[in-house]
Amino acid sequence: MDTAVLEQLLNETFDHAVVHHGYTNHMRDYEVIVYATADPRTGTTPSHLRFLFRYCVEARCETSVSAETWRVSLDDRLIDHETGVDLDGYVWGVKWHALYPGAKLLPESEATRRWSKALGVDFHEVRIETNAHDVTLLFSDLQVSEVPVGYAPFVME
């Protein structure tokens, strides 16, 4: 995948909201579902976009919430917006994370070179920063598509 195209696609995530992220149900690809909005004056209709990181050989997710905030955010009432909104602590129940500062392509690394050589296709590394998670993915290709409201990535058959 061309790095200029990849960077352009990643720039489209800036300052939107992550509503889900994780491996797909076939466990090869990693998806990030973004709720993309704009100032209503632009006339742009909000949409849910699926960023599918194909051939994802590594996914690391760490908290970006401080230990001090975690300490005061352990109450299970904080995982529901209605019961947590008036409590002190991080309200997990908003069910989205702000994509800020956003997603960026990282420089070529030993890992991307090693996987590229082993599989015969280019690999890339991206860092996705939100106000609650810091996700780093090692993958080969990115596909972006719109998904309907209520898209459920983990429906068991």
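Each reported figure results from applying straightforward, stated rules to the coordinates on display, with no laboratory input. Note that the coordinates shown come from a computational prediction; the quantities given were computed from them, not determined experimentally. Please note: Cβ atoms are built from the backbone with ideal geometry, for glycine as well, and neighbour counts cover all protein chains shown.
Over every pair of different alpha-carbon atoms in segment 5-150, take the mean of 1/r and invert it; report that Kirkwood radius in Å. Before the final figure, lay out the partial values.
Values: mean 1/r = 0.0604 Å⁻¹.
One decimal place: 16.5 Å for the Kirkwood radius.
Over the chain, Cα pairs under 8 Å with separation of 6+ residues give a relative contact order of 29 percent. Counting Lys and Arg as +1 and Asp and Glu as -1 over every other residue whose Cβ lies under 12 Å from the Cβ of T136, the net charge comes to -2.
Applying 0.36 nm per residue to the separation of A59 and D88 and subtracting their alpha-carbon distance, the gain on full extension is 7.3 nm. For segment 102-157, the alpha carbon positions stretch 38, 31, 19 Å along the principal axes, listed from largest to smallest. Counting only DSSP H runs of at least 4 residues, each contributing -39500 (n - 2.57), and dividing by the residue count of the chain, the helix-based mean residue ellipticity at 222 nm comes to -4500 deg cm²/dmol. Between N131 and W70, the contour length at 0.36 nm per residue exceeds the Cα-Cα span by 20.7 nm.
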